[in-house]
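These notes concern the structure reproduced below.
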Amino acid sequence: MSRASRREYHQRLKEALDNRFLGQTLARFQGNYRGSREAGFAGMDFPALAAEVGAAKDAALGRLEELYEQFKAQAEAAGAQVHLAADAAHAREIIADIAAQTGSRRIVKSKSMTSEEIHLNRHLEAQGLQVTETDLGEWIIQLRGEGPSHMVAPAIHLSRSQVAELFTQVTGQKQDPEDIAALVEVARSRLRRAMLEADMGISGANFALASTGTIATVTNEGNARLVTTLPRVHVALVGLEKLVPDLNTALKILRLLPRSATGQLISTYVTWITGAVECAAAGGRKYLHIVFLDNGRLALSQDPVFSQALRCVRCGSCANVCPIFGKVGGHTYGHVYIGAIGLILTYFYHGREAARELVKNCLDCQACKVNCPAGIDLPGLIKKTAGLVMAEQGRPLKNQLMRRVLTNRPLFHFLLRRAYLAQKPLARGGRLIRHLPLFFAPDQEFRSLPVVAAEPLRDRWQRLAPRVSNPRLKVALFGGCLTDFVYPEQGEAMLKLLAGRDIQVDYPLGQSCCGLPAAMASEEETAREVARQNLAALEAEHYDYVLTLCASCASHLKHYPRLLADDPAWTQRAEHMAAKVIDLASFLQKEVGLEPVAGRGAKAAYHAPCHLCRGLGVHQAPRQLLQGAGYDYRPYEDEEVCCGFGGSYSLDFPELSAAILERKLKQVTATGAELLVTDCPGCVLQLEGGLDHRGSPIRVRHLAQALAEAQGK
Ligand code: SF4
Ligand code: SF4
């Protein structure tokens, strides 16, 4: 990888972060979207519906060639001509030929990401054809010579003033940015004229129904209807993955698509087109050409892992909920396709060069995954795509070192103990390192860092863990690196909470890192090896639960069965262990039942770790426990939004990690909280370091500590 391209990418990220208008617009957009989406899906079982859509898409993807043949036969019987383009160049050629054969010179287009994928406009314009985008946002960015910054709202990065300025240039008359009706009128008058004069209309399609040869467009502006009906020639450019067997399948998807895109129950216009209709201008019948684009889709549909990516229905939700998109927008967080799905498709449709920096830019916060209406495991596929990029360009040195260290637990723990000695002078006797040595880049200084503990939890265990002669429950504690070596006090607090409850808690000493950092770095074999070591060390068969204070560890331990799915000797063992993994809040509610604490305690805000709320689906338990412990719980809007840590992400993308943290801390501070509670030591590291760096008096506590303190333990 060239250092220049990495530098350039980080430079672009910084420029986007410096754009205040963009930051404010995206924050407002994401906040509004969350509310609209929630209202749109109220009363519906979203995960079940998304699974249904995923299954329906998978079934269709398994027989794309057959569906294509069926579609072609039906559509051509109805008067259309159907083409199959092997790649982008072929599709461009087919469409340019249609224009030449039909004498089309003026072309109008409705919004189509597939046409962006093949850079169609550039090609047609180079042939001397006049191409006009008719979606308002697309027209604006076409006039500016830009690509879309969002799949559904392509001009979201622009302010009204910028649009007014642009329209002033276009019309030669001063346009008032406050007069939205006048701005819309500028677009309407120009675009209507273009549509009436056009020889050819180009659209995309949201569905292609094999049973009837029908295509469908789902839009809000109505321009697609005009583009597909007014000109004498209609060309629909359709990704092969839009093929579905029939109307029922399309309707199943349509139930979720507008709700996921904008929160609407249904889009304003859903248009179904079957065959070439009558048209006086074309001498009797319209010319309808449907161009299917392969461009790697057929091969992808056969891939047991990545075929999932073709389930995408282009709703844009994975960008709308992504904290990174929310900071930098689609021009930086996408190539042509934007958001989480863009990180994956860029590699497959546009190649390694376009993807190699982009694909690393993921926090693994899981927000896209739980919101995707097609049930795509987006963060999982992003990691796997990063693995493909890495395999092609060679494993970086840090990955090779990671493998050496993480797979050798004694060496890893030896290094952690040494780290305590090395950092001592930097900590100056305190708990946090406030100034990093010079070899760290200055942009790492957005948070203080905790010191490694003088005595890890594993060394204290014999002294601390109570002996229980007749336990009603046997629990293995999985510490994870941070609880064990950095925050042993969190483990101590947990022991205080469980004291006198007839629960035996063991700390199996053979356990090591859960392996999540390796998985995040696309070091799959390392992650698997570490998983096997932990499974052997934990001996889960002897325990009722495997308890962990780290949400990220818990969620990754539960992922072991999938990680080891190809290793039959370990799969069953992994499943057995995963079923016993539990987070602290759930365990306390289910098995302990802490006594309520009377009185009004400190004002406490809560940060929900990504891997707890989305990874494990635990939402209410920690908040209920805090309130039960007498804390004056102070909610805020982004409680379940990532804190920007993401393990090594915060080292690789410090500018974004800092910006995401900043927003969170602002909201927490505005609640008036004295205490910020969370239940993942990684989040503690990020939040405490950020607050300390800002000189904030807000204390950060792990849930175990907050509850133990409330109980006077
Ligand atoms: S990946 Fe899922 S959430 Fe993202 S655009 Fe596609 S369907 Fe929507
Ligand atoms: S996991 Fe989070 S950070 Fe990564 S793409 Fe999805 S929403 Fe964005």
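Before moving on, here are some points about what is shown:
- Viscosity 1.567 mPa s, temperature 4 °C, Stokes-Einstein D of the range 421-522 from Kirkwood C-alpha radius, µm²/s: 81 µm²/s
- Extension gain (nm, one decimal) between Arg285 and Glu637, 0.36 nm per residue minus Cα-Cα: 121.2 nm
- Förster radius 30 Å - calculated FRET efficiency between Ser648 and Tyr269 (Cβ-Cβ, nearest 0.05): 0.05
- The range 496-633 - convex hull of the alpha-carbon atoms, volume per residue in Å³: 116 Å³
- Site pair Arg28 and Glu662 shows an inter-label distance of 1.9 nm when each label is modelled 7 Å from Cα along Cα→Cβ.
- Couplings for the range 307-317, taken from phi via the Karplus curve 6.51 cos²θ - 1.76 cosθ + 1.60 with θ = phi - 60°, read 4, 3, 4, 7, 5, 3, 9, 6, 7, x, 4 Hz in order; Gly and Pro are left as x.
- Remark: the range 501-514, residue by residue, has Karplus-estimated 3J(HN,Hα) of 10, 6, 10, 8, 10, 10, 10, x, 6, x, 6, 9, 4, 5 Hz, where x stands for each Gly or Pro and the curve is 6.51 cos²θ - 1.76 cosθ + 1.60 at θ = phi - 60°.
- For Gly646, no residue has an amide H sitting under 5 Å from its own, ignoring neighbours fewer than 5 places away on the same chain, with H placed 1.01 Å from N.
- In the frame of its principal axes, the range 190-290 has Cα extents of 38, 32, 19 Å, reported largest first.
- Within the straight-line cut-off of under 17 Å between alpha carbons, the aspartates and glutamates reachable from Lys57 are Glu65, Glu66, Glu241, Asp246, Asp294, Asp303, Asp377, sequence neighbours fewer than 8 places apart in one chain being disregarded.
- Straightening the chain between Val184 and Lys713 buys 184.0 nm, computed as 0.36 nm per residue apart minus the Cα-Cα spacing.
- Each principal axis of the Cα cloud of the range 85-143 was taken in turn, and the coordinate range along them, longest first, works out to 28, 24, 16 Å.
- Per-residue packing, averaged as other Cβ atoms within 10 Å, sorts the ranges 124-131, 546-553 into the order 546-553, 124-131, beginning with the highest.
- Length added when fully stretched, Glu15-Gln127, from 0.36 nm per residue minus Cα-Cα: 36.8 nm
- Sites Glu38 and Ala77 - FRET efficiency at Förster radius 30 Å, r taken between beta-carbons, to 0.05: 0.10
- Taking every protein chain into account, the 1.4 Å probe leaves Leu251 with about 80 Å² of accessible area, to the nearest ten.
- By accessible area, using a 1.4 Å probe on protein heavy atoms only, the chain has 52% of its surface on carbon and sulfur.
- For the chain, the longest principal axis of the Cα atoms and the long axis of helix 88-101 meet at an angle of about 20 degrees.
- Virtual paramagnetic centre 7 Å along Cα→Cβ of Asp303, amide N under 12 Å, in the range 347-365: 347-352
- If R0 is 41 Å, the Cβ-Cβ spacing of Arg352 and Asp459 corresponds to a FRET efficiency of close to 0.35.
- Cα long-axis angle, helix 654-670 against the chain (0 to 90 degrees, to the nearest 10): 70 degrees
- Hull shadow area, averaged, the range 7-48 [alpha-carbon convex hull, nm²]: 4.4 nm²
- Cα centroid separation, the range 1-58 to the range 172-218 (Å): 25 Å
- Share of Cα-Cα pairs in the range 58-217 lying beyond 24 Å, as whole percent: 44 percent
- Of the listed residues Asp58, Asp294, the order by accessible area with a 1.4 Å probe, largest first, is Asp58, Asp294.
- Note on the range 651-706: the alpha carbon radius of gyration divided by the globular reference 2.2 N^0.38 Å gives 1.09.
- With one equal scatterer per alpha carbon and no solvent term, the Debye-computed log10 I(q)/I(0) for the range 617-692 at 0.13, 0.20, 0.22 1/Å reads -0.40, -0.91, -1.07.
- Column: log10 I(q)/I(0), Debye, Cα scatterers of the range 345-488, q = 0.09, 0.15 Å⁻¹: -0.50, -1.08
- Using all pairs of distinct alpha-carbon atoms, the Kirkwood hydrodynamic radius of the range 462-551 works out to 13.9 angstrom.
- In the assembled protein chains, Tyr636 presents an accessible area of approximately 30 Å² (probe radius 1.4 Å).
- Against the chain, whose longest principal axis is taken from its Cα atoms, helix 681-693 shows a tilt of about 90°.
- Rounded to two decimals, the Cα radius of gyration of the range 1-111 over 2.2 N^0.38 Å is 1.72.
- Principal axis dimensions, largest first and in whole angstrom, of the range 253-404 by Cα: 72, 32, 29
- With the whole protein complex present, Glu662 retains an accessible surface near 70 Å², based on a 1.4 Å probe.
- Equivalent ellipsoid, the chain (semi-axes from 5 times Cα gyration tensor eigenvalues, Å): 51, 27, 23
- Point-to-point label distance, Leu426-Arg404, nm (Cα→Cβ direction, 7 Å offset): 2.0 nm
- In the range 271-335, the convex hull through the Cα atoms has an average projected area of 7.7 nm², a quarter of its surface area.
- Free-standing Cys, the chain [no other Cys Cβ under 4.7 Å]: Cys279, Cys312, Cys315, Cys322, Cys362, Cys372, Cys481, Cys513, Cys613, Cys643
- With Cα atoms as the point set, the radius of gyration and Dmax of the range 555-619 evaluate to 16.5, 54 Å.
- Partner lysines whose Cα lies under 18 Å from the Cα of Lys558, excluding those fewer than 8 positions away in the same chain, are identified as Lys369, Lys383, Lys580.
- Separation of the Asp567 and Glu65 label points, Cα + 7 Å toward Cβ, nm: 3.6 nm
The values are calculated or read from the model by the stated rules, or taken from the named source; none is laboratory data. Quick caveat: nothing in here was measured; it's all calculated off a predicted structure. No Cβ is skipped: glycine too gets one built from the backbone with ideal geometry, and neighbour counts run over all protein chains shown. Keep in mind that these areas ignore ligands, DNA and RNA; they rest on the heavy atoms of the full protein, side chains included. Shrake-Rupley method; radii C 1.70, N 1.55, O 1.52, S 1.80 Å.
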